[in-house]
Amino acid sequence: MATTETLSDTARDIQNRVGPELEEARRELDSLNQRVSGFIRERPIASLAIALAAGFVIGRIASR
């Protein structure tokens, strides 16, 4: 029993320490997603050109 309680306490401590950081990371990713989506809606041609250029560069690097 003592081991189970110790593991539960350890898991709870980890959750209390990491939980707020994970929530902050989730908020930052949501914000980034909204900004990127807005950019794509406002500039679809530029977004497509950037995606094509990035794909070309990644393809060139991967083929080496």
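Positive end of the charge dipole of the chain (Lys, Arg +1 and Asp, Glu -1 on Cβ, about the Cα centre): tell me which of L52, N33, L7 has its Cα farthest that way. The residue sitting most towards the positive pole is L52. Only helical runs count toward this figure. For the chain, summing -39,500 (n - 2.57) over DSSP H runs of n ≥ 4 and dividing by all residues gives -34000 deg cm²/dmol at 222 nm. The computed Rg and Dmax of the Cα atoms in Å for the structure shown corresponds, within (i) 12.5, 36; (ii) 21.5, 62; (iii) 14.8, 45, to (ii).
Principal-axis analysis of the Cα atoms of the chain puts helix 2-42 at an angle of about 20° to the longest axis. Taking the longest Cα principal axis of the chain as reference, the axis of helix 44-62 is set at about 80 degrees. For the range 2-62, a crude dipole built from +1 on the beta carbon of Lys and Arg and -1 on the beta carbon of Asp and Glu, taken about the Cα centre, is about 540 debye to the nearest 20.
FYI, it's all coordinate maths here, none of it is from the lab. Not measured: the values here are computed from a predicted model. Cβ: placed from backbone, ideal geometry, glycine included. Neighbour counts: every protein chain shown.
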